[in-house]
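Everything below concerns the one structure shown next.
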Amino acid sequence: MSELTTIARPYAKAAFDFAVEANGVDNWLEMLVFAAEVSKNETITTYLSGGASTEQAQELFLNVCGEQLNEQGQNLLKVMAENERLLVLPQVAEQFASMKADYDKEVTVDVTSAVELTADQQSNISAALEKRLARKVKLNCVVSADVVSGLIIKAGDMVIDGSIRGKLDRLATTMQS
């Protein structure tokens, strides 16, 4: 997986830099997500893995994605086909989306709770996290009985475990040592 990420990074960076310059970041994200979904298709993956020539791969992708991509998007796919990199399109789209979130100063936060959060609770959590992280926050709320009570908040590498389950686990660890 890390190899695919390394291969995808220069393509994502180049596309992102071009998109920022052309004021079309949202459009480019849509194009890349569409092309990534096409590349995930089992038939397409089998075809590309089966030793299709560069010209055949280009033709296939341009026929399938043609109307969804602008000229620059088509050029990116041509370059990726020439370098036999079309199968890393999902990683390119993922990295592009991450770059867009950084550019827009946004972060997606996973919030796990024992019960469904009300709109007020979500609003309060979002406001507190926006203040702490200095970014726009998008909440992804999940209900899990394992939490028992409280919340577990994950934003990138940061984890705030305010759950009863977490407190009990920490207590047990402390008592064992």
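At a glance:
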{"read-out": "Whichever residue in the range 110-147 is in a strand (DSSP E or B) and touching a Lys or Arg at 6+ places or on another chain (Cβ under 7 Å) and, among such residues, is farthest from G166 (Cα to Cα)", "value": "K136"}
{"read-out": "Residue among R135, R85, R165 that alone is in contact (Cβ under 8 Å) with a residue 12 or more places away in the chain, within 30 Å of I44 (Cα to Cα) and surrounded by 12 or more Cβ atoms within 10 Å (Cβ to Cβ)", "value": "R85"}
{"read-out": "Residue count for the range 46-66, restricted to those that are within 22 Å of the chain's Cα centre (by Cα) and surrounded by fewer than 14 Cβ atoms within 10 Å (Cβ to Cβ)", "value": "0"}
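Where a number appears in this text, it was derived from the coordinates with a stated rule and is not lab data. The model shown is predicted, which means the values in this text are computed figures rather than measured ones. Every residue, glycine as well, gets a Cβ built from its backbone with ideal geometry; the counts of neighbours run over all protein chains shown.
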